[in-house]
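*Asks:* The structure that follows is given in the form of structure tokens.
The values are calculated or read from the model by the stated rules, or taken from the named source; none is laboratory data. Here the structure is a predicted model, which is why all the values come from computation and not from measurement. Backbone-built Cβ (ideal geometry, glycine too); neighbour counts: all protein chains shown. Surface accessibility is based on the protein's heavy atoms, side chains included, excluding ligands, DNA and RNA. Shrake-Rupley method; radii C 1.70, N 1.55, O 1.52, S 1.80 Å.
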Amino acid sequence: MKGKKTLKIFILVMVLLILVCVGIILVKEYCTVTTVDVSGNDHYTEQEIKDLVMAGPYGDNTIFLYLKYNGRSVDDIPFIEKMDIKILSPSHIKIEVYEKALAGYIEYLGHYLYFDREGIVVESAVKPIEGIPFVTGLEFDHVVLHDKLPVKDDNVFSLILVITQLLTKYNIPTDRIYFDHNQDITLYFGDARVLLGTEKYIDEKINELSLLLPKLEGYSGVLHMENYKGEGGNFTFEKDEIYAPEMVIEESEEDVNN
């Protein structure tokens, strides 16, 4: 009698073990991620995003990923606000990346500090990141991560964002953006500088700049656009060479149409 009971327990345990093994095989066979859709990423490559989300020995298993990320986002990653993971099927997941809105960066004590549209320092890095403008001329005596840069006029941050968006709109890569004590704006392109002046007509100025910039290639000096009145006109290019004559760049119909 006792032997029969022991045998039943043994058979039950074996059946359970077999079911567990079969379940593990089925999970491994049918719940392995084979397709990953990544959207919203800019600073990180698609593979880097996959590696961040699917880390660990079971990172390619949809059940594990569901248990790990269900109801929560991935955060605490530099330059990323959050990442949402959605399980679309046993083999298909979607990763939605929401990056921090960066307006520019400054250099301070050997580090590159990135700030958002409100001037909050959101990240620190040891090397600059391509695509984010380098901003100089801002005056401050200290910097605290996750605090606002202590500049005299906070309006400069919204202006920086506007300039960044316009440069992106017109596909203009600049080496840096400089603000003087009056917040007049100068853009640097190698040895050529473009003095935009105030934010007045800033959209029109940068639009004109996109047409004129190819003419500055190889030149060293300053293109004066600070007196632009929102209409077509001439812009003076002041060369750096001593006693060099000024060059007048005229806006032509061909420039406007191309």
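*Asks:* Filter segment 13-42 for residues that are among the hydrophobic types (A, V, I, L, M, F, W, C), modelled with pLDDT of 70 or more and more than 30 Å from Glu130 (Cα to Cα) and give the result.
*Replies:* Filtering segment 13-42 down to residues among the hydrophobic types (A, V, I, L, M, F, W, C) leaves 13-22, 24-27, 31, 33, 36, 38.
With the extra rule that they be modelled with pLDDT of 70 or more, the set shrinks to 16, 31, 33, 36, 38.
Residues satisfying the conditions are Leu16, Cys31, Val33.
*Asks:* Right, something else. List the number of the failed condition for Glu204; all other conditions in (1) of a type in the set (Asp, Glu); (2) under 23 Å from Tyr105 (Cα atoms); (3) open to solvent by 70 Å² or more (accessible area, probe 1.4 Å) hold.
*Replies:* (2)
*Asks:* For segment 69-91, enumerate the residues that are open to solvent by less than 20 Å² (accessible area, probe 1.4 Å) and in a loop (DSSP other than H, G, I, E, B).
*Replies:* Across segment 69-91, the qualifying residue is only Phe79.
*Asks:* Kindly indicate whether any position in segment 175-194 is open to solvent by 30 Å² or more (accessible area, probe 1.4 Å), without any contact (Cβ under 8 Å) to a residue 40 or more places away in the chain and touching a helix residue (DSSP H, G or I) at 6+ places or on another chain (Cβ under 8 Å).
*Replies:* yes
*Asks:* Right, next: Can you name every one of the strands (runs of 3 or more DSSP E) wholly within segment 92-178 that holds 1 or more residues which are closer than 25 Å to Ser73 by Cβ and among the polar types (S, T, N, Q)?
*Replies:* 121-125
*Asks:* Are any of the residues in segment 59-79 at positive phi and in contact (Cβ under 8 Å) with a residue 40 or more places away in the chain?
*Replies:* Checked against the condition, which is being at positive phi and in contact (Cβ under 8 Å) with a residue 40 or more places away in the chain, segment 59-79 yields at least one hit.
*Asks:* Further question: Taking into account only those residues within segment 96-110 that are more than 11 Å from the chain's Cα centre (by Cα) and at pLDDT below 90, which is least open to solvent (accessible area, probe 1.4 Å)?
*Replies:* Gly110
*Asks:* So, one more: Could you list, in sequence order, all residues of segment 43-57 that are modelled with pLDDT under 85 and either surrounded by 14 or more Cβ atoms within 10 Å (Cβ to Cβ) or under 20 Å from Lys127 (Cβ atoms) (or both)? Quick ask: steps written out before the conclusion?
*Replies:* Filtering segment 43-57 down to residues modelled with pLDDT under 85 leaves 43, 56-57.
Across segment 43-57, the qualifying residue is only His43.
*Asks:* All but one of (1) modelled with pLDDT of 90 or more; (2) open to solvent by less than 40 Å² (accessible area, probe 1.4 Å); (3) over 15 Å from Phe157 (Cβ atoms) hold for Phe115; which doesn't?
*Replies:* Going through the list (1) modelled with pLDDT of 90 or more; (2) open to solvent by less than 40 Å² (accessible area, probe 1.4 Å); (3) over 15 Å from Phe157 (Cβ atoms), Phe115 breaks only (3).
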